[in-house]
Amino acid sequence: MAGGNFMVADEGGCEYPGKLTRYVALTCIMAAMGGLIFGYDIGISGGVTSMDPFLKLFFPSVYRKEALDTSTNQYCKFDSQLLTLFTSSLYVAALIASFVASFVSKKHGRKVTMFLGGLFFLFGAVLNAAAVHISMLILGRILLGVGVGFANQSVPIYLSEIAPYKYRGTFNVLFQLAITVGILIANIVNFLTNKISAGWGWRVSLGGAAVPALVILISSLFLDDTPSSLIQRGKSEEAEQLLKKIRGVDNVDAELKDLVEASEASKKVQHPWKVLLRVRKYKPQLILSTLIPTFQQLTGINVVMFYAPVLFQTLGFKANASLMSAVITGAVNVGATFISVYCTDRYGRKVLLLTGGVLMCVFQALVAGLIGWKFGTTGVVATVLPQSYAILVVLCICVFVAAFAFSWGPLGWLIPSEISPLEVRSAAQSVTVSMNMLFTFAVAQVFLKVLCWMKFGLFIFFAAFVFIMTLFVYFYVPETKNIPIEEMSRVWGEHWYWKNYMDEQSPAEEVV
Ligand code: BGC
């Protein structure tokens, strides 16, 4: 992977000589493994909550409702707040942990934050696998959530800071690729463990989370911190040596100078949170760091990721066929992420978000139509449906997932990690992680209830949101392809709307 030299002169006058070294590629791949943790978790809970032995042990009332009461309205079959709490407790914990992680990341660096993420995750996995009471189950999920909060706070920033800016998109998308691989592995594990007739397969599924935890734990021991983080913590000499190593050249003066300047500016900001929330010139970053993750979740992607097996069962698939369908959507998710790996730095972020948005909107609406066709508003199968119906449902869900996987999936993490200046970067990333977790929690917690209430209309609701966010991207999201991370202020200054926020005094002049 040791690629050629690059020295690109931008309009802004930036020139950073360097190579795409094997070292930096390897470093990024190892760090991206942090995404495995998150992905495994997303994928595992849906399958586990559709396994009878698990339901019998921890959620007997849901089991009785699902297994014995055939007359129940199909839309309401799995509606249990306790069951959803199992899935969603993780995201509340991640939300809170990401704020703590922001301080750890600023004070002790990205590497330590990743290591701690792996550690919490390991404890959570062990507790879940050994659970004999629902409290152990929920406590385990909370520990996993803390792990996710730490990993998602540090990994995207790590990747954006260490990658040469021309390849930043590609390397950052590796995080999302790892998430999708984590989800797929979880889906396959569930499919296999469900076949264990003794009924302890769910323990293997939940305990399996220890594997990605160990991967990130061990990887983080071998990683260097990022040059920005080292400079920010007063280790400039070390940063210079590291920069030479990762760029594969001796002349790193230009990049080092920009990093040192960014760090100097950042030191003048005593309270990054106050600055981010109060200073007008950071409003664009604050607004995008808030809206992008919110929109990512309002696509409704996690309805498919968490509840695909349950959803397919609701649609009349048998348990194993449901888990198999989840494996199929998981594989599509991984495959389509490669489109983004290839296109993000070549064609830019916006074209992917716009194309993905249009496809998602159309296919989400089709899914709504298909579900409505089968169950109408009563939730009772009324029509005799053709054989091809099941294939059509799975196909539409696959196109929806593929469109998400090359657009909002990776870019929902990439764009927020690359738009903020160093002085508020960790704080802004916490906003992103916490908003993402808040809306992941909300979707997980209310989906089964709202499905019971809004029926197939729920999918129309998501389609409408995708339409709105696609318009938002068109007007308000600037293109950030090929812009060095420390030069991002140029992007805001040239944007038709955000430039109105740019004529403010610098943070150094602010007394915050
Ligand atoms: C999102 C997750 C989602 C996953 C699906 C991620 O970018 O943050 O919520 O489950 O993509 O691949």
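The values are calculated or read from the model by the stated rules, or taken from the named source; none is laboratory data. Here the structure is a predicted model, which means the values were calculated and not measured. Please note: Cβ atoms are built from the backbone with ideal geometry, for glycine as well, and neighbour counts cover all protein chains shown.
At-a-glance table
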{"quantity": "Filter pass, residue 125 being touching a Gly at 6+ places or on another chain (Cβ under 9 Å) and over 24 Å from residue 60 (Cβ atoms)", "calculated": "yes"}
{"quantity": "In segment 394-403, residue nearest to the ligand (Cβ to nearest atom) [restricted to those that are surrounded by fewer than 24 Cβ atoms within 10 Å (Cβ to Cβ) and closer than 18 Å to residue 339 by Cα]", "calculated": "402"}
{"quantity": "Of residues in segment 20-45 being away from the ligand (no atom under 16 Å from the Cβ) and outside any helix (DSSP H, G or I), the one surrounded by the most Cβ atoms within 10 Å (Cβ to Cβ)", "calculated": "20"}
{"quantity": "Among (1) out of contact with any Phe, Trp or Tyr (no Cβ under 8 Å at 6 or more places or on another chain); (2) among the β-branched types (Val, Ile, Thr); (3) at pLDDT below 95, the one test that residue 401 misses", "calculated": "(3)"}
{"quantity": "So residue 349, is it buried (at least 24 other Cβ atoms within 10 Å of the Cβ) and either farther than 29 Å from residue 477 by Cβ or among the charged types (D, E, K, R) (or both)", "calculated": "yes"}
{"quantity": "Criterion violated by residue 356 - all others in (1) at pLDDT 95 or above; (2) surrounded by 23 or more Cβ atoms within 10 Å (Cβ to Cβ); (3) in contact with a Leu (Cβ under 8 Å, 6 or more places away or on another chain) satisfied", "calculated": "(3)"}
{"quantity": "Within segment 404-416, considering residues that are crowded, with 24+ Cβ neighbours inside 10 Å and not aliphatic (A, V, I, L, M), the one nearest to the ligand (Cβ to nearest atom)", "calculated": "409"}
{"quantity": "Some residue of segment 318-331 being more than 16 Å from the ligand (Cβ to nearest atom), out of contact with any helix residue (DSSP H, G or I) (no Cβ under 6 Å at 6 or more places or on another chain) and within 19 Å of residue 459 (Cα to Cα)", "calculated": "no"}
{"quantity": "Test for residue 299: is it under 29 Å from residue 495 (Cβ atoms) and within 16 Å of the ligand (Cβ to nearest atom)", "calculated": "yes"}
{"quantity": "Filter result (modelled with pLDDT of 85 or more and either of a type in the set (A, V, I, L, M, F, W, C) or within 16 Å of the ligand (Cβ to nearest atom) (or both)) within segment 46-66", "calculated": "48, 51, 54, 55, 57, 58, 59"}
{"quantity": "Residue within segment 463-486 that is among the acidic types (Asp, Glu), surrounded by fewer than 18 Cβ atoms within 10 Å (Cβ to Cβ) and over 26 Å from residue 83 (Cα atoms) present", "calculated": "yes"}
{"quantity": "Every residue from segment 101-155 that is buried (at least 24 other Cβ atoms within 10 Å of the Cβ) and polar (S, T, N, Q)", "calculated": "102, 105, 113, 128, 152, 153, 154"}
{"quantity": "Tally of residues being more than 16 Å from the ligand (Cβ to nearest atom) and more than 18 Å from residue 42 (Cβ to Cβ) across segment 132-169", "calculated": "15"}
{"quantity": "Residues satisfying the stated conditions in segment 197-245, i.e. over 25 Å from residue 38 (Cβ atoms) and in contact (Cβ under 8 Å) with a residue 40 or more places away in the chain", "calculated": "199, 200, 227, 230, 232, 233, 245"}
{"quantity": "Near pairs, Cβ below 8 angstrom, 6+ apart or cross-chain, from segment 404-429 (assigned to a loop (DSSP other than H, G, I, E, B)) to any residue that is within 16 Å of the ligand (Cβ to nearest atom) and of a type outside the set (Gly, Ala, Ser)", "calculated": "407/352; 407/353; 407/360; 419/288; 420/429"}
{"quantity": "Any hit, segment 286-294, residues being away from the ligand (no atom under 16 Å from the Cβ), modelled with pLDDT of 90 or more and within 26 Å of the chain's Cα centre (by Cα)", "calculated": "yes"}
{"quantity": "Residue in segment 341-357 that is assigned to a helix (DSSP H, G or I), within 30 Å of residue 85 (Cα to Cα) and within 14 Å of the ligand (Cβ to nearest atom) present", "calculated": "no"}
{"quantity": "Residue in segment 417-438 that is over 30 Å from residue 267 (Cβ atoms) and either within 16 Å of the ligand (Cβ to nearest atom) or in contact with an Asp or Glu (Cβ under 6 Å, 6 or more places away or on another chain) (or both) present", "calculated": "yes"}
{"quantity": "Matching residues in segment 127-161 - criterion: being in contact (Cβ under 8 Å) with a residue 60 or more places away in the chain and among the β-branched types (Val, Ile, Thr)", "calculated": "134, 148, 155, 157"}
{"quantity": "Given (1) buried (at least 24 other Cβ atoms within 10 Å of the Cβ); (2) away from the ligand (no atom under 16 Å from the Cβ), number of the condition residue 187 does not satisfy", "calculated": "(2)"}
